[in-house]
Amino acid sequence: MKWTSIVAIYTLFWVFSAFLVLPFGVRTHEEAGVEKIPGQADSAPAEFKPKRVALRATILAAVLCGLYYANYVEGWLTTKNLDFFGDAPNYDGSH
């Protein structure tokens, strides 16, 4: 696998991970005991810490990308393992 492919796959895992870890650790103003600004949504976070989200996403993406690459090299899970419905039909015109 080329290093550019690894970087692209890591980037995809990082974006996915960022959205995945985004809601963890978020507390609303009511939960944090902080005064809300007039007109603010009840679900708005009291403190947003993008560095923490980025760090968590980086760690999770590194683990997922490492597992993906290890599976690529070792072949633990292949498309044959995921064939739940048997062989695909033959579409070349022969019966």
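The values are calculated or read from the model by the stated rules, or taken from the named source; none is laboratory data. Since this is a predicted model, take the numbers as computed values, not measurements. Here the Cβ positions follow ideal geometry from the backbone for every residue, glycine too, while neighbour counts run over all protein chains shown.
Some observations on this one:
- Exclusive hit being over 11 Å from the mean Cα position of the chain (by Cα), at pLDDT 95 or above and closer than 30 Å to MET1 by Cβ, set LEU60, LEU55, LEU12: LEU55
- Close pairs (6 angstrom Cβ cut-off, 6 or more residues apart or separate chains): at positive phi in segment 21-36, modelled with pLDDT of 90 or more and of a type in the set (Val, Ile, Thr) anywhere: none
- Any hit, segment 38-46, residues being more than 17 Å from the chain's Cα centre (by Cα), at positive phi and of a type in the set (Gly, Ala, Ser): yes
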